[in-house]
Amino acid sequence: MTARAAHRPVGSVTRGTTNPNRLRRMDRWIAHAHGAELRRAADPVAVDLGYGAAPWTSVELLGRLRAVAPRVRVVGVEIEPARVAAAQPYARDGLVFRHGGFEIPLPQRPYLVRAANVLRQYDEDEVAGVWERLCARLAPADPVTGSRGGLLVEGTCDEIGRRHVWVALGPEGPRTVTFATRLGSLERPSDLAERLPKALIHRNVPGEPVHAFLRDFDRAWAAAAPYASYGARQRWIRTVRQLTADWPVTDGPARWRQGEVSVDWAALAPRS
Ligand SMILES: C[S@@+](CC[C@H](N)C(=O)[O-])C[C@H]1O[C@@H](n2cnc3c(N)ncnc32)[C@H](O)[C@@H]1O
């Protein structure tokens, strides 16, 4: 292998579309679900992988994570060199930008890798390999301290962050799928189908678990219609409570109130 090939970032340059505040729902969830791990880590490094044409999401991730874990440092990693150069003026205490790809060009194993709207532009059959590579880079679990190790959050959202779906993975592999939405803009839960992450979006067809889940979600939403008079939030809470009868929902009303619900990955994983 030539020295040049050895240092070539792993992955492909894709469209750099981003927006300020687009990933606020994902940031909030990460702060809630992973804040304690970040707080107690000796070197809490978080990677914003594929931050795009402007580094707004990295700047915001730093601010939101520091609110729960003040020692966090964020590294924005981008495969397109011009986007790395354009980001440099935004570097600050706790935030640097590096050229790189799925190999994650850092000496340490990060406690968080967030890849939002990155894999969407890859082929479905590339996802498993990328997940495996990224999970292998996460900080390991430590049975002595009880740490579950680093977290990979990989998913998709619309241009202004009203609809999100992401998968959370630990060093051992996929854990949960989270659906998050601005409830006021929702007609039915399956509106989120168009934002399913790459691993699931092509599986929203009869016979696949994610299709059955969204069908049941819509049915529960229709059954909860009388609660709409108390507001979309009450209707969503009622809907998710109904879903728990048949699906392994992993969170509770405090998250449902935010327009979220998380489900065990194993229940939604593709059949083949
Ligand atoms: C659509 S933008 C997403 C920007 C931001 N994460 C967001 O959600 O608003 C996708 C970015 O990921 C970058 N990208 C694609 N593959 C990558 C890889 N393997 N490593 C690092 N960046 C990558 C692309 O160059 C592009 O700038």
Per DSSP, the loop-located trypsin sites (Lys or Arg not before Pro) within segment 208-272 having at most 11 other beta carbons within 10 Å are ARG271
Restricted to segment 1-155, the DSSP antiparallel beta bridge percent, nearest 5, is 10
Quick numbers on the chain, Rg and Dmax over C-alpha atoms in Å, give 18.6, 66
Residue span ASP43 to ALA254: 0.36 nm per residue of separation minus Cα-Cα distance leaves a gain in nm of 73.0 nm
The Cα radius of gyration of segment 175-228, divided by 2.2 N^0.38 Å with N its residue count, comes to 1.17
Of all GluC sites (Glu not before Pro) in segment 172-272, the ones in DSSP coil with at most 11 other Cβ atoms within 10 Å are GLU187
A chain fully extended from THR17 to HIS99 at 0.36 nm per residue, minus the present Cα-Cα distance, gains in nm 27.8 nm
Extend 7 Å from the Cα of GLU159 along its Cα-to-C-beta direction; within segment 14-35, residues with backbone N under 16 Å of that point are 15-23
Taking SER272, SER12 and counting other beta carbon atoms within 10 angstrom, the fewest-first order is SER272, SER12
For the chain, the helices passing both cut-offs (Cα extent along own axis of 18 Å or more, Kyte-Doolittle mean at least 1.0, full DSSP H runs) are none
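Bear in mind these aren't lab numbers, they're just calculated from the coordinates by the rules spelled out. A quick note: this is a predicted structure, and the numbers were derived from the prediction, not measured. Cβ sites come from the backbone with ideal geometry, for glycine too, and all protein chains shown count toward neighbours.
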